[in-house]
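Shown next, in structure tokens, is the structure this report addresses.
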Amino acid sequence: MDFDTVAGELYGGDLAEFVSARNKAAKAAKAEGDAELAKRIQQLRKPTTAAAIVNGLARDDSDQLRELAELGAELRDAHTRLAGDELRALTRRRGELVRRILHELPSMSDTVSREVEATLEAVAAEPDTAALALAGRLTSVAHQDTDQWFSLAASVPPATGKRPRKLVDKAEPAEPKRDHRREEEERARARAERERLRKEAAERDKERAVAERDLVRTERAAEQATARVDDLRERLAEAEERAGRAKAEFETAKAAFDEADAAAAAARKAADAAR
């Protein structure tokens, strides 16, 4: 028994059986005398439903999951280089790819669908999350600031290749006069709307992060309670076995006593008759 094999079987198995299968594997490792392996196995966390679905993509050797992870690396590189046009194009590709993956998954509830979408976004945003997802070992996803790509892409002006207006040769024909005030008002409204949506998304992300922490905490408590119940059941089975043996011994001793008592009574009766 080795850790990677056990972990692969657990994260590739039935989610509903994860805790019992993990406890059984830990107990087997302990019985083999490998307490350290048993401890490592016992510490494996049960994945959330969304994480289990993404792990399933890795087990199916999904090209799209790998493409999403590679796209995240490209986004981070473009972000570092402040490449506005490239960021916008990569952001669109990411959104299309996430939607395509979701569309090809089996039907799921709206809540789970949103969680899977957030998990896929995190795969593109965080290298560690991507590595765990590609290995099929993802358990849950904490809050990820994936909105950074949108905000940066929106703030970097596109590279047009044109010279600044003040450096244009005076002989060039003047551009048609534009309503700069209206354009500025429209840009201001767009900025305000983006900011409102960003704040709303951040608030929703905070609420989700709190809910996920509560979920992980209660899930861990449930796992500990289940392990305690399993231990008590094992002890009960051992006690019942001991009780069964004691009862059998009692029945044997009682039969011997009854036989001896009957023999003693017969002997007394015979002695009385001989007087």
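The values are calculated or read from the model by the stated rules, or taken from the named source; none is laboratory data. Keep in mind the model is a prediction, meaning the values are calculated, not measured. Because the Cβ atoms are built from the backbone with ideal geometry, glycine has one as well, and the counts that use them run over all protein chains shown. Remember, those area values only see protein heavy atoms, side chains included, never the ligands or the DNA or RNA. Shrake-Rupley method; radii C 1.70, N 1.55, O 1.52, S 1.80 Å.
Quick notes
- Qualifying residue in region 23-36 (condition: among the aliphatic types (A, V, I, L, M) and within 30 Å of LEU105 (Cα to Cα)): no
- Wholly within region 1-64, helices (runs of 4 or more DSSP H) carrying at least 3 residues that are loosely packed, with under 15 Cβ neighbours inside 10 Å: 3-12, 18-31, 35-42
- Of the numbered criteria (1) open to solvent by 60 Å² or more (accessible area, probe 1.4 Å); (2) free of Cβ contacts under 8 Å to residues at least 24 places away in the same chain, the one ALA188 fails is (1).
- Per-region count, region 160-214, residues at pLDDT below 75, among the β-branched types (Val, Ile, Thr) and assigned to a helix (DSSP H, G or I): 0
- Count of residues meeting criterion [of a type in the set (Ser, Thr, Tyr) and in contact with a Phe, Trp or Tyr (Cβ under 8 Å, 6 or more places away or on another chain)] in region 90-133: 1
- Subset of region 30-51 that is without any contact (Cβ under 8 Å) to a residue 60 or more places away in the chain and among the small types (Gly, Ala, Ser) - its residue that is nearest to VAL112 (Cα to Cα): ALA38
- Among the residues of region 217-275, the ones that are of a type in the set (A, V, I, L, M, F, W, C), under 57 Å from the mean Cα position of the chain (by Cα) and open to solvent by 100 Å² or more (accessible area, probe 1.4 Å) come to 1 in all.
- When GLU104 is tested against (1) under 21 Å from the mean Cα position of the chain (by Cα); (2) among the acidic types (Asp, Glu); (3) surrounded by 13 or more Cβ atoms within 10 Å (Cβ to Cβ), exactly one condition is not met: (3).
- Total residues in region 191-216 satisfying the condition of being touching a residue at least 12 places away in the same chain (Cβ under 8 Å) and exposed (fewer than 12 other Cβ atoms within 10 Å of the Cβ): the figure is 1.
- Residues in region 106-122 that are over 14 Å from ASP205 (Cα atoms) and among the small types (Gly, Ala, Ser): SER107, SER109, SER113.
- Condition check for ASP85: farther than 24 Å from ARG204 by Cβ, acidic (Asp, Glu) and modelled with pLDDT under 90: yes
- Scan of region 104-140 for residues that are outside any helix (DSSP H, G or I), over 23 Å from THR5 (Cβ atoms) and of a type in the set (A, V, I, L, M), ordered by number: LEU105, MET108
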